[in-house]
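A quick write-up on the structure given underneath.
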Amino acid sequence: MRLCATLSVLLYALSRAPVAEAACACSPVGIPVHVDVLVPKDPMDHGLTQLRLLGDVIQLLVHGLTYNSEYWSPPVEEFRSYSYAMFSCDHGLSSLAIDVLGVGLSSRPVSAADVQYPTAYGAISQVAHHLKAASVLPGVPAFKTIIAIGHSAGSALLNFGAIVEGGERSPFAGLVLTGSLSTPIPQRTLPPRMSARDVNPLRWGALDPGYIAVPNRTIFYPTDTSTFSPRMLLLDESFSNDVGSAGVFAQTSTTGLGTTYTGSVVKIVGSEDQLFCAGTGICDDVAALTVEEQKLWPGAKSFEVVVEEGSGHDMNLDFFAQGPFNTFVRFVEQFAGL
Ligand SMILES: *[C@@H]1O[C@H](CO)[C@@H](O)[C@H](O)[C@H]1NC(C)=O
C-alpha cells in the first residue's frame, strides 16, 4: 500500500540582484511525495514545506514533535530575531523548512498510526533526493549539497534515517542534530501530552485521538523564567504549536540503535534542556558525553557534541538563541565545505 502525500515546505531563498545587495525571500512550495511503505493511504491530503537558498547548498530544517516549520521562523514580528531561516539566510545560507507528514500544511493521514518514523522519514528522504535531482522553484537549480538540521523529534527522525539510509544512500552531507541525545537518562522527564482533540476541540476536534498535543510547554524552556520571553511561551502555547503522532512519540527511543551514516555529525543540546541536561548531570562533562553519543555513529566522517550554555530544549526560542544559531551556521559551513 502507498501513502500519497504532499509535503509543505518554506523555501528561504537568497536572490541576488545584478548590482544591489543580496536579499532574502521566502516562498512556500508544495512537494508531492509517494511513500512506499506498508500503511493505508489517504489520497485526499495536501501538504506543504518551507524552503531557503545559497548557491549549491541548502539546509533542510526538520522541526520537533508538536511543532511545525514555524519553529524555524516564528510568525510574529516581535520574534523575527528568533528566525533561524532568516539568520542563516543573512549568512548566505538557503534553507527549506518542512512540515513533517501529518503536521502544519502537509498531508495529515486520517489515521495517526500512518505517521510513524518509516513514513515520516520516507517523505523527508524523498524531498531531499528531489532537491538534489530537480529544480523546485523556477530559477532555482537543483542543489548539490544538503545539510539537515533537526530539532528534538526532528533530530530523532534524521537519526532514524541515518540507521535505515546511511552510507552512500543518504542524501545528506551532514547532520546537525539539536535537542536530542541517545545517552540513557535516569529519571527521564517527558513532555505532558494529551490527545489533540481534547486540548483544542475547535482546531483539532475532528482528529484521530492518536494525534497528540502538549498544552503545557514550560518543559521546552529553561526553568529560569528570566531567560526567555513570557510572550514567546504564550505564542507557543496559543498559536504556534501543532500536533504530533503517538507513534512517533513512542519511536523516539529508536535513536538508541547504531547508524551506518558516513557523513559529518554534530549534536547540540542546551545546558538547561529539561528533557536531557538540566538536573541530570549528563551534559556537564562534554568529553564523556561525546564518547557515549559517538558509539552509535561508528562510520561518521566527524562527530562532535556541543553543549550550549544557558539554552533550553527549544534553543531557538529563548534569549540565548543567537549562540546556537551561530553554532549551526558554523557547522553547516564546515560540513558543506564552504
Ligand atoms: C505547567 O507545568 C509546570 C511544570 O510542571 C507547572 O509548574 C505549571 O504550573 C504548569 N502550568 C499550567 C498552566 O498548568
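Any residue at all in the range 218-232 that is acidic (D, E) and either on the phi > 0 side of the Ramachandran plot or within 16 Å of the ligand (Cβ to nearest atom) (or both)? For the range 218-232, residues acidic (D, E) and either on the phi > 0 side of the Ramachandran plot or within 16 Å of the ligand (Cβ to nearest atom) (or both): present.
Within the range 70-103, restricting attention to residues that are among the hydroxyl-bearing types (S, T, Y) and more than 20 Å from G312 (Cβ to Cβ), the residue that is surrounded by the most Cβ atoms within 10 Å (Cβ to Cβ) is S95.
Whenever a residue of the range 291-316 is aromatic (F, W, Y), its partners that are assigned to a loop (DSSP other than H, G, I, E, B), lying with C-beta atoms within less than 7 angstrom and at least six residues away or across chains, give the pairs W297/T259; W297/Y261; F303/W297. Considering (1) surrounded by fewer than 24 Cβ atoms within 10 Å (Cβ to Cβ); (2) of a type outside the set (K, R); (3) part of a helix (DSSP H, G or I), the lone condition that Y121 does not fulfil carries the number (1). Which residue, of V269, V307, is within 17 Å of the chain's Cα centre (by Cα) and surrounded by 16 or more Cβ atoms within 10 Å (Cβ to Cβ)? Result: V269 is the single residue among V269, V307 that is within 17 Å of the chain's Cα centre (by Cα) and surrounded by 16 or more Cβ atoms within 10 Å (Cβ to Cβ).
Selection of the range 322-338 for residues being touching an Asp or Glu at 6+ places or on another chain (Cβ under 9 Å) and closer than 27 Å to P191 by Cα yields G323, P324, T327. Only residues that are assigned to a strand (DSSP E or B) and modelled with pLDDT of 90 or more were counted across the range 124-152, and they come to 7. Can you say whether F335 is touching a residue at least 12 places away in the same chain (Cβ under 8 Å), among the aromatic types (F, W, Y) and assigned to a helix (DSSP H, G or I), as far as the supplied structure shows? Yes, satisfied. Taken over the range 295-338, residues that are over 17 Å from I282 (Cβ atoms) and among the hydroxyl-bearing types (S, T, Y) amount to 2. Looking only at the range 69-85, filter to residues that are touching a strand residue (DSSP E or B) at 6+ places or on another chain (Cβ under 9 Å) and assigned to a helix (DSSP H, G or I); which one of those is farthest from S106 (Cα to Cα)? Looking at residues that are touching a strand residue (DSSP E or B) at 6+ places or on another chain (Cβ under 9 Å) and assigned to a helix (DSSP H, G or I), I get Y84. Evaluated against (1) farther than 27 Å from F87 by Cα; (2) under 19 Å from the mean Cα position of the chain (by Cα); (3) not basic (K, R), L296 falls short on exactly one condition, (2). Across the range 185-217, the qualifying residues are those that are free of Cβ contacts under 8 Å to residues at least 12 places away in the same chain and away from the ligand (no atom under 16 Å from the Cβ), and the one among them that is surrounded by the most Cβ atoms within 10 Å (Cβ to Cβ) is R203. Which of (1) touching a residue at least 40 places away in the same chain (Cβ under 8 Å); (2) in contact with a Leu (Cβ under 6 Å, 6 or more places away or on another chain); (3) in a helix (DSSP H, G or I); (4) not hydroxyl-bearing (S, T, Y) does L175 not meet, given it meets every other one? L175 satisfies every listed condition except (3).
Return a yes/no flag: does the range 56-65 have any residue that is more than 17 Å from the chain's Cα centre (by Cα) and over 25 Å from L207 (Cα atoms). I'd like the intermediate steps shown before the answer.
Keep residues of the range 56-65 that are more than 17 Å from the chain's Cα centre (by Cα), which gives 56-57.
Now drop any that are not over 25 Å from L207 (Cα atoms), which leaves 56-57.
Within the range 56-65, one or more residues are more than 17 Å from the chain's Cα centre (by Cα) and over 25 Å from L207 (Cα atoms).
The values are calculated or read from the model by the stated rules, or taken from the named source; none is laboratory data. Computed from a prediction, not measured in an experiment: that's the story for all the values here. Note that each Cβ is placed from the backbone with ideal geometry, even for glycine, and that neighbours are counted across all protein chains shown.
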